[in-house]
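As structure tokens, the structure follows; a few thoughts come after it.
The values are calculated or read from the model by the stated rules, or taken from the named source; none is laboratory data. Treat the numbers as computed from the prediction; the structure is a model and nothing was measured. Every residue, glycine as well, gets a Cβ built from its backbone with ideal geometry; the counts of neighbours run over all protein chains shown.
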Amino acid sequence: MRIVLQRVSQASVRVHNEITGSIQQGLLLLVGFHPTDTKNEVDWCCRKLPALRVFPDEEGKMNRSVQDIGGGMLVISQFTLYGRVEKGTRPGFTDAARPEIAEPLYDYMLETLRRDSGVKIQQGVFGAMMDVSLVNEGPVTLIMERMAD
């Protein structure tokens, strides 16, 4: 499982010119799944993400989590995170989970975050062509990766 996490002051996603998810201050999560991923990898990420201290305290140090600031999370599936560009000039996506594996894991991630994180969770549309808008605050961009045990 691979996540590109961005600290944002605002973010939204549109599908067919309709906003399907929008947050103010919080985390934009671009999430890709590997064919070997299971609920175990999702659970690890869902425990870590709400508590990850990437927001500044009064001294400007990254000591606050999205929970601490009352922020939100915008979660967007993105299989291209597993794109490979070593050969040729067109990316290959054989390292990305097929939809029948990835979509249930994406749904499980959303359900788990909504149930356990205590923050507002918004989402994109799995498999759709999406337009993502964001203001990256900092900028702060991190990559989280959790491989199957």
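Data table
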| read-out | value |
| --- | --- |
| Single residue of region 4-23 satisfying the filter (hydroxyl-bearing (Ser, Thr, Tyr) and closer than 30 Å to residue 61 by Cβ) that is farthest from the chain's Cα centre (by Cα) | 9 |
| Residues of region 14-42 that turn out to be in a strand (DSSP E or B), among the hydrophobic types (A, V, I, L, M, F, W, C) and within 19 Å of residue 105 (Cβ to Cβ), as a count | 5 |
| Contacts under 7 angstrom Cβ, first residue in region 11-26 being farther than 12 Å from residue 131 by Cβ, partner in a strand (DSSP E or B) and charged (D, E, K, R), 6 or more apart | 23/120 |
| Scope region 67-89; condition assigned to a helix (DSSP H, G or I) and either farther than 23 Å from residue 145 by Cβ or of a type in the set (Val, Ile, Thr) (or both); matching residues | 68, 69, 80 |
| Restricting region 128-149 to residues that are surrounded by 14 or more Cβ atoms within 10 Å (Cβ to Cβ) and of a type in the set (D, E, K, R), the residue that is farthest from residue 69 (Cα to Cα) | 146 |
| Tabulated pairs, region 34-60, first over 22 Å from residue 115 (Cβ atoms) and of a type in the set (S, T, N, Q), second at pLDDT below 95 and not in a helix (DSSP H, G or I), C-beta under 7 angstrom, 6+ apart or interchain | 36/148 |
| Among the residues listed as 111, 41, 103, 59, the single one being farther than 23 Å from residue 138 by Cα, more than 13 Å from the chain's Cα centre (by Cα) and either exposed (fewer than 14 other Cβ atoms within 10 Å of the Cβ) or of a type in the set (Lys, Arg) (or both) | 111 |
| Residue within region 125-141 that is of a type outside the set (A, V, I, L, M), assigned to a loop (DSSP other than H, G, I, E, B), modelled with pLDDT of 95 or more and more than 24 Å from residue 22 (Cβ to Cβ) present | no |
| All positions within region 71-124 that are of a type in the set (Asp, Glu) and either closer than 24 Å to residue 18 by Cα or touching a residue at least 60 places away in the same chain (Cβ under 8 Å) (or both) | 95, 103, 107, 111, 116 |
| Candidate set from region 119-149 (those that are touching a Lys or Arg at 6+ places or on another chain (Cβ under 6 Å) and not small (Gly, Ala, Ser)); member that is farthest from residue 61 (Cα to Cα) | 131 |
| Unique residue being basic (Lys, Arg) and in a loop (DSSP other than H, G, I, E, B) when the list is 53, 47, 7 | 53 |
